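The values are calculated or read from the model by the stated rules, or taken from the named source; none is laboratory data. On a predicted model such as this, the values are computed, not experimentally measured, just so you know. We work out accessible area using only protein heavy atoms, side chains counted, and drop any ligands, DNA or RNA first. Shrake-Rupley method; radii C 1.70, N 1.55, O 1.52, S 1.80 Å.
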Amino acid sequence: RPDPNRLENPGGLLGDVIQLEVRNAAGVEGLAGEMTQYLTDLGFDVVEMGNWNQGMLQETVILDRIGNRGAVEQVAMALGVDSTRIQEELKPTWFLDASILIGSDFRSIKPFSDRFPQEPDQDNEEPE
């Protein structure tokens with residue numbers, strides 16, 4: 001289970017809980033709200049959510065905003081994604097640990113992967 005508490009606080013952010021922003025970059029209504037509820041239930045502090053206004057993304061990414069790799073890795077664990085999805089894009093004046101940009105691959109990440117099971121590979125199925 002991911003730990004929503006900061007082990008380090010290089011940006012001097014308030015509180016002990018990892019603070020996040022969630023942005024919908026997939027264009028599918030309701031994703032940011034559902035992700036926010038999921039992360040809040042796990043104990044994370046989502047301080048802002050909404051749509052990403054800089055275009056659609058194919059792949060979900062987690063942006064490290066303060067230089068706290070440990071915190072961002074906990075977020076990756078919560079989403080069930082590999083740490084290769086983490087990018088450093090520091091914005092210390094935003095007072096966040098990380099931004100989550102939900103991409104078009106949202107069906108493969110938590111909490112959505114529970115609702116959208118991966119379909120079998122179509123190429124390996126025998127014709128009926």
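Some points to look at:
- Carbon + sulfur, % of accessible area of the chain - ligands and nucleic acids excluded, 1.4 Å: 46 percent
- For the chain: relative contact order, % (alpha-carbon pairs under 8 angstrom, 6 or more apart): 31 percent
- Per-residue HN-Hα couplings for the stretch 73-82 [Karplus 6.51, -1.76, 1.60; θ = phi - 60°; Hz; x = Gly/Pro]: 5, 5, 5, 4, 4, 4, 8, x, 10, 6
- For the stretch 15-124, DSSP calls about 20 percent of its internal beta bridges antiparallel.
- Rolling a 1.4 Å probe across the protein heavy atoms gives the stretch 30-94 an accessible surface of 53 Å² per residue.
- At 1.002 mPa s and 20 °C, Stokes diffusion of the chain via Kirkwood alpha-carbon radius, µm² per second: 142 µm²/s
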